[in-house]
Amino acid sequence: MDVLAIVHGPNVGAGVFADAVRARGDQLIEWIPSSNDDVPHAEAVLVFGGAMHVDQEAEHPWLHIEVDVLRRFLEAGTPVLGVCLGAQLLAQTAGAHVGPARSPEVGWLPVELTSDAANDPLFASLPPRFDAFQWHHYAFDIPSGATELARSAVCSQAFRLHEHAWAVQFHPEVTREQVRAWLEEKDEVDVDWDAFAAETDRRIDAWNEFGRGLCTAFLVNAR
C-alpha cells in the first residue's frame with residue numbers, strides 16, 4: 001500500500017509512524033505541499049504537524065493548496081489520519097472552526113476517551129485515560145457529522161469523520177530526537193522545560209509503542 005506522509009518542515013515528519021508503515025511492508029512517500037499538480041498517488045494519507053497555524057495563509061500560501069488536496073482525499077474516501085496541525089487542517093477542510101485554544105497545551109497532559117471511542121477501530125483498544133505528549137496553541141471544533149473520540153481539560157483531542165478519516169490533537173508520532181529538536185526552538189509558554197525534557201526521557205519509549213500501535217490500527221483499517 002502506498003502511504004503518503006504530508007510534512008510541513010524539518011523535524012516534524014512521520015516519526016514512529018514510519019516504523020509502523022515499513023513494518024507492514026507498505027511504502028511511505030513523503031510530500032511537502034507546494035502544488036496541486038504534484039500530489040503523489042496514495043491509498044492512505046498521514047498529515048503531520050508544523051510550527052505554523054491554519055490561519056497563516058499569507059505567510060504560508062501552500063496552506064490553501066493543502067486544504068484543496070485534503071478535500072479531494074476526503075471526497076474520494078481515501079483513509080486519512082491527521083496529527084496536530086494535520087488534524088486542524090482536516091477539521092478546517094471539513095468545515096469546522098479552528099483557532100487559538102483557551103490555553104496552550106505543552107507537556108505530558110491527561111486525555112480521556114469519549115464513550116464513542118469504544119466502538120472506533122483505532123481507539124477501542126486504547127486505555128480510557130492516558131497522558132499524551134502535547135505541543136499546540138490552536139484547537140479544532142468537531143466537524144458536522146464527525147464523532148468526537150477524546151478530550152482534554154482544554155479542548156477536543158480526537159475525532160473520526162465518516163468511516164475513513166481521523167484527527168488527533170496530541171502527538172503519537174513524536175520521537176526522542178524530534179523532541180530534542182523542538183526543545184532547541186521552544187515556545188514562550190509557562191513550562192518547566194528541564195522537567196519536561198526529563199519526563200520525556202522517562203516516558204518516550206512507552207509512548208512510541210503507543211504511537212506505532214495507533215498507526216498500525218489505522219493502516220489495518222485502511223486496507
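Please indicate, with yes or no, whether at least one residue in the range 182-203 is over 15 Å from residue 106 (Cβ atoms) and of a type in the set (Val, Ile, Thr).
Within the range 182-203, not a single residue is over 15 Å from residue 106 (Cβ atoms) and of a type in the set (Val, Ile, Thr).
Just to check your reading of the model, which residue among 123, 140, 130 is aromatic (Phe, Trp, Tyr) and surrounded by fewer than 20 Cβ atoms within 10 Å (Cβ to Cβ)? Walk me through how you get there before you give the answer.
Details: 123 fails: surrounded by fewer than 20 Cβ atoms within 10 Å (Cβ to Cβ); 140 fails: surrounded by fewer than 20 Cβ atoms within 10 Å (Cβ to Cβ).
Result of the check over 123, 140, 130: 130.
Residue pairs, Cβ under 6 Å, 6 or more apart or interchain, first in the range 60-84 and farther than 13 Å from residue 45 by Cα, second hydrophobic (A, V, I, L, M, F, W, C) and surrounded by fewer than 22 Cβ atoms within 10 Å (Cβ to Cβ). List them.
Correct list of pairs: 60/52.
For the structure I just gave you, tell me whether residue 22 is within 19 Å of the chain's Cα centre (by Cα), in a helix (DSSP H, G or I), within 23 Å of residue 149 (Cβ to Cβ) and free of Cβ contacts under 8 Å to residues at least 40 places away in the same chain.
no
Quick one: count up the residues across the range 42-75 that are under 18 Å from residue 165 (Cβ atoms) and part of a loop (DSSP other than H, G, I, E, B).
The qualifying residues number 5.
Take the range 116-130 and flag every residue that is in contact (Cβ under 8 Å) with a residue 40 or more places away in the chain and assigned to a loop (DSSP other than H, G, I, E, B).
The answer is 120, 121, 122, 125, 126.
Can you tell me which residue in the range 54-92 is nearest to residue 133 (Cα to Cα), limited to those that are surrounded by fewer than 13 Cβ atoms within 10 Å (Cβ to Cβ) and of a type in the set (A, V, I, L, M)?
If we take residues in the range 54-92 being surrounded by fewer than 13 Cβ atoms within 10 Å (Cβ to Cβ) and of a type in the set (A, V, I, L, M), then 58 is nearest to residue 133 (Cα to Cα).
Please verify whether the range 94-115 includes one or more residues that are without any contact (Cβ under 8 Å) to a residue 40 or more places away in the chain and over 23 Å from residue 174 (Cα atoms).
yes
In the range 165-219, which residue that is of a type in the set (A, V, I, L, M, F, W, C) and free of Cβ contacts under 8 Å to residues at least 12 places away in the same chain is surrounded by the most Cβ atoms within 10 Å (Cβ to Cβ)?
Per the stated criteria, the residue is 193.
Where a number appears in this text, it was derived from the coordinates with a stated rule and is not lab data. These figures come from a predicted structure and were not determined experimentally. No Cβ is skipped: glycine too gets one built from the backbone with ideal geometry, and neighbour counts run over all protein chains shown.
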